[in-house]
Amino acid sequence: MSDNLPTLRESLEAHGLLAKKSFGQHFLLDLNVTRKIVRYAGPFEGRAVIEVGPGPGGLTRALLEADAGPVVLVEKDPRFIPLLSELDDGSGRLKIVEGDALKVKEADLVEGPAHLVSNLPYNVGTALLIKWLTGPWTPCALTLMFQKEVAERVVAGPGDEAYGRLAVISQAVCTARIVMHLPAAAFTPPPKVASAVVHLVPHAERPDAGTLKRLERVTAAAFGQRRKMLRSSLKQLGGATLCDEAGIEPDARAEVIDLAGFLRLADALEAREAKA
Ligand code: SAM
């Protein structure tokens, strides 16, 4: 990356680019902020990084300054591709892919382990996280900016108001913590809500695809009717009997059941379905 780049604001102006709401565009134009996010995400020690939604490239510049190996950008808005191409120094380190991150196959973009670092578009942030947690391709770490409420739903524990499906699925696969809070004013244009960066590191052993599917079914039923007792909210899956088989109190509500409890429910469901 050249040292003589225009500022991010100048780049946007030079290319006549204004943020589009439909793409969830809220830009980070302060390189001190993007460098800080990249410090939380790294060190990368030469491993590849995939950045979804680079927009004007503030995070990209910080990734290129750091010890990331190949940096692969996936941007859906074609207007940004020429601007991003200006960050390419011709060394082959930067790869720019125009496309929808919900549809791309990450395994086709990188060889070997890769980090995901992204200031996610809010409208598809949760769907992308679920894709990376449950899909066939697993990143070695994820450092992701979400709207604050979603970040809280990822890291919440039993008893927290934000505790639900997203927390259980995220924590079944990863350890997750919020590493940074950012006010709406940090973005151009400012969104209506505050944001937070979550750093997730997959467990050495993650549940297999079948267990994750059953965990999704159990948590969807349990939190879909979160005020009801499990004997009732899990009725379609076995109700009180399923709870007994999992060693869970059938009169409890989903909000007090920890990850280990939900994993036992998923295992009990597997055993029931194997017998049926
Ligand atoms: N990373 C930039 C920054 O921090 O300034 C931009 C972040 S902005 C919140 C989200 C970016 O994701 C935009 O550039 C938008 O065009 C892009 N985007 C939206 N939906 C996308 C999708 N499905 N796949 C890839 N990029 C997407």
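The values are calculated or read from the model by the stated rules, or taken from the named source; none is laboratory data. Nothing here was measured: the structure is a model prediction, and the numbers come from that model. As a convention, Cβ positions derive from the backbone with ideal geometry for all residues, glycine included, and neighbour counts pool all protein chains shown. Each accessible area value is taken on the protein alone, full model and side chains, heavy atoms only, with ligands, DNA and RNA left out. Shrake-Rupley method; radii C 1.70, N 1.55, O 1.52, S 1.80 Å.
With the calculation restricted to Cα positions, what are the radius of gyration and Dmax of the range 8-202 in angstrom?
Gyration radius and largest Cα-Cα distance of the range 8-202: 15.7, 52 Å.
Pull out the extension gain between ASP244 and ARG272, defined as 0.36 nm times the separation in residues minus the alpha carbon to alpha carbon distance; nm, one decimal.
Difference between extended and current length: 8.9 nm.
In nm, to one decimal, how far is the modelled label at LEU18 from the one at ILE130, with both set 7 Å along Cα→Cβ?
Between LEU18 and ILE130, the simple spin-label model gives 3.4 nm.
Compute the label zone of ASP251 within the range 215-230: residues whose backbone N is under 19 Å from the point 7 Å along Cα-to-Cβ.
Taking a point 7 Å out along Cα→Cβ of ASP251, the residues of the range 215-230 whose backbone N falls under 19 Å are 226-230.
Antiparallel as a % of all DSSP beta bridges within the range 59-214, to the nearest 5?
Of all bridge pairs located within the range 59-214, approximately 60 percent are antiparallel.
Please report the relative contact order for the chain, taking Cα pairs under 8 Å with a sequence separation of at least 6, and give it as a percent rounded to a whole number.
In percent, rounded to a whole number, it is 14.
Using Cα atoms only, what is the angle between the long axis of helix 125-134 and the major principal axis of the chain, expressed in degrees (0 to 90) to the nearest 10?
It is inclined by approximately 60 degrees.
Within the accessible area of the chain, what % is carbon and sulfur when the probe is 1.4 Å and the other protein chains stay in place?
For the chain, the apolar C and S fraction of the accessible surface comes to 52 percent.
In deg cm²/dmol, rounded to 500, what helix-only [θ] at 222 nm does the chain give when every DSSP H run of at least 4 residues adds -39500 (n - 2.57) and the total is split over its residues?
Counting only the DSSP helices, I get -10500 deg cm²/dmol.
Around ARG153, what is the net charge, scoring Lys/Arg as +1 and Asp/Glu as -1 over all other residues with Cβ under 14 Å from its Cβ?
-1
Counting only trypsin sites (Lys or Arg not before Pro) that are in a DSSP loop and have at most 10 other C-beta atoms within 10 Å, tell me the longest site-free stretch of the chain.
Here the longest segment lacking exposed loop sites spans 106-191.
Looking at the chain, send over the antiparallel percent of its DSSP beta bridges, to the nearest 5.
That works out to approximately 50 percent antiparallel.
Tell me the per residue accessible area of the chain using a 1.4 Å probe; a whole number in Å² is fine.
About 46 Å² of surface per residue is accessible.
Taking the alpha-carbon distance from LYS275 and a cut-off under 28 Å, which lysines remain once sequence neighbours fewer than 8 residues away in the same chain are dropped?
Reachable lysines: LYS213, LYS228, LYS235.
Suppose accessible area is computed on protein heavy atoms with a 1.4 Å probe; arrange HIS115, HIS26 from highest to lowest.
HIS26, HIS115
How many times 2.2 N^0.38 Å is the alpha carbon radius of gyration of the range 209-275?
Taking N as the residue count of the range 209-275, the ratio is 0.94.
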